[in-house]
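The values are calculated or read from the model by the stated rules, or taken from the named source; none is laboratory data. Just so you know, these numbers come straight off a predicted model, no measurement behind them. Reconstructed Cβ throughout: ideal geometry from the backbone, glycine too, with neighbour counts over all protein chains shown.
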Amino acid sequence: MTIVLPKLVVSWYICYVFINFNSIIMKKTKLIFSLLTVIALFITSCGSGEKKQEVTETAIEEVSEAQGQSTVSDDVSAANALQVAKSIEDFSTLVAAIEAAGVEDAVVNVGPLTIFAPVNAAFDKLPEGTVATLLLPENKSKLAFILTNHVAPANYPDTQLAKEAKKGRKLYMASGKYLVVEEKEDGIYVGGTKILKTVKVSNGWIHVIDNVLVPAE
C-alpha cells in the first residue's frame, strides 16, 4: 500500500531541511573563518616577535663592537686591573689619568698583562703643574704614551720578574719602549723604581710603584 503525502506537508519538510542545512553550513563557515583569523593573528605575532628579537640582538652586537671591554659590566668574574685601581683611593690620580687619556681598554683587556701602577704620591713627585697639564685634552696622546709605558703585554708576577732580572732581560712595554728590571737586596726594581707590592687581578698583575715611569722621547 502506497502512502501519498499531501503536497503541503512535503513542501514544509523540504523547507525545514533546507533551512537547517543552511544554518549548519553558516555555523561551520563562521567556525572556519574564526580559526583562520586566529591562525593569521598568531603567525603575524610570531613574525613581529622574531623581528623584534633580531633588532634587539643586532643593537646589542653593534654596541659591543662600538665600545671596548672597559664598558662591559661584569659582577661575576674577578676584578680586572682597572676595577681594582678604581676601588683603591691611592690610585685615584692614576685612574683619572687613564680616563683622560682614553686608554681604559689597555688595562682591562683579557691579557695576560702586567701594570706598574704609580700611587698618588708618585704623581706628586712630578714638577708642579705637570699632572694638570697632562690632563688637558690637547695633551691626550702624550699622556697615553706615558701611561702605556706602565703596561707590559705579558705575564710578569714578581717571581718571573726576578728570573728576568737574573737573565739581564728588559721588559717590552705597550709604549714600544723597554724597561730595565733588576733584583737588589731590598727588592725588585723596574725602570729604576722599586716594586712596593704585587696584586693578582683577573687579567694579569698590578705592581705598585711610587714613581711615574716617564719614557724618553
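Checking P127 against (1) part of a loop (DSSP other than H, G, I, E, B); (2) buried (at least 16 other Cβ atoms within 10 Å of the Cβ), which test does it fail?
Going through (1) part of a loop (DSSP other than H, G, I, E, B); (2) buried (at least 16 other Cβ atoms within 10 Å of the Cβ) one by one, P127 breaks only (2).
On the given criteria, is N155 under 21 Å from V108 (Cα atoms), surrounded by fewer than 14 Cβ atoms within 10 Å (Cβ to Cβ) and in the same structural domain as M173 (by TED's automatic domain parsing)?
The answer is yes for N155.
Show me the strands (runs of 3 or more DSSP E) entirely contained within region 167-217 in which 2 or more residues are modelled with pLDDT of 95 or more and closer than 11 Å to A117 by Cβ.
Here the list reads 193-201, 204-209.
Keeping to region 122-164, report how many residues are within 16 Å of I206 (Cβ to Cβ) and touching an Asp or Glu at 6+ places or on another chain (Cβ under 6 Å).
Count: 1.
Among the candidates K163, K167, K200, K184, single out the residue that is surrounded by fewer than 16 Cβ atoms within 10 Å (Cβ to Cβ), assigned by TED's automatic domain parsing to the domain that holds F145 and in contact (Cβ under 8 Å) with a residue 40 or more places away in the chain.
K200
Going through region 177-201 one residue at a time, which ones are touching a helix residue (DSSP H, G or I) at 6+ places or on another chain (Cβ under 8 Å) and of a type in the set (G, A, S)?
none
Taking the condition closer than 19 Å to T93 by Cβ, of a type outside the set (K, R) and assigned to a strand (DSSP E or B), does I146 pass?
Criteria not met by I146.
Being in contact with a Lys or Arg (Cβ under 9 Å, 6 or more places away or on another chain), of a type in the set (S, T, Y) and in the same structural domain as S92 (by TED's automatic domain parsing): is that true of Y178 here?
yes
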